[in-house]
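Readers should treat all values here as calculations from the given coordinates under stated rules, not as data from a laboratory. From a predicted model like this one, the values you see are computed outputs, not experimental measurements. Methodologically, a virtual Cβ is constructed for each residue, glycine included, from the backbone with ideal geometry; neighbour enumeration extends over all protein chains shown.
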């Protein structure tokens, strides 16, 4: 099924009152948070003009680990997040609330 058809199907289900189980919604929230982290890491790396290999060298991680983070295929630990923030010369901010989670990077200096 192409993406646009999937989106329309999901919207129709929501309009018709379809609700997903709590487990599915929790998984979706976890995936959204992982994707938000992936996006801010990728955007900041590109802003700095770094390759994944260069960011890996700055953080002490492997290029493969950077790739998994940017592909939201990894759940990083707090120490790893600290290394990422340092390597990206930014503060990593994660705000988690009951129904919302946001991830932002605040640059220490202009790229």
Original post:
Listing 12, 44 from the residue with the fewest other Cβ atoms within 10 Å to the one with the most, what is the order?
Top reply: 12, 44
Subject >> Folded to 0 to 90 degrees: helix 22-48 orientation relative to the chain principal axis, Cα >> reply: 30 degrees
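Taking the beta-carbon count within 10 Å as an exposure proxy, list 46, 41 from fewest neighbours to most.
On the way: 46 11, 41 26.
Least to most surrounded, the residues fall as 46, 41.
Among 45, 68, which comes first, then next, by fewest other beta-carbon atoms within 10 Å? Could the numbers behind the result be given before it?
Numbers: 45 22, 68 16.
Exposure proxy ranking, most exposed first: 68, 45.
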Subject >> Efficiency of FRET between residue 107 and residue 28 - r from beta-carbon atoms, R0 35 angstrom, step 0.05 >> reply: 0.75
Subject >> Folded to 0 to 90 degrees: helix 78-87 orientation relative to the chain principal axis, Cα >> reply: 60 degrees
Subject >> Helix 3-15 axis, angle to the chain major axis (alpha carbon atoms, nearest 10°) >> reply: 50 degrees
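Quote the relative contact order of the range 22-107 in percent (integer), defining contacts as alpha-carbon pairs under 8 Å separated by 6+ residues.
On the way: 93 pairs, mean separation 26.5, N = 86.
After rounding, I find 31 percent.
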**OP:** Please give the residues of the range 19-63, grouped as numeric ranges, whose backbone N is less than 16 Å from a label point set 7 Å along the Cα-to-Cβ vector of residue 9.
**Re:** 19-20
Original post:
For the chain, modelled as a GNM with alpha-carbon contacts under 10 angstrom, which of 57, 22, 101 fluctuates the most?
Top reply: 22
**OP:** Enter the Cα centre distance for the pair the range 73-111 and the range 8-64, rounded to the nearest angstrom.
**Re:** 12 Å
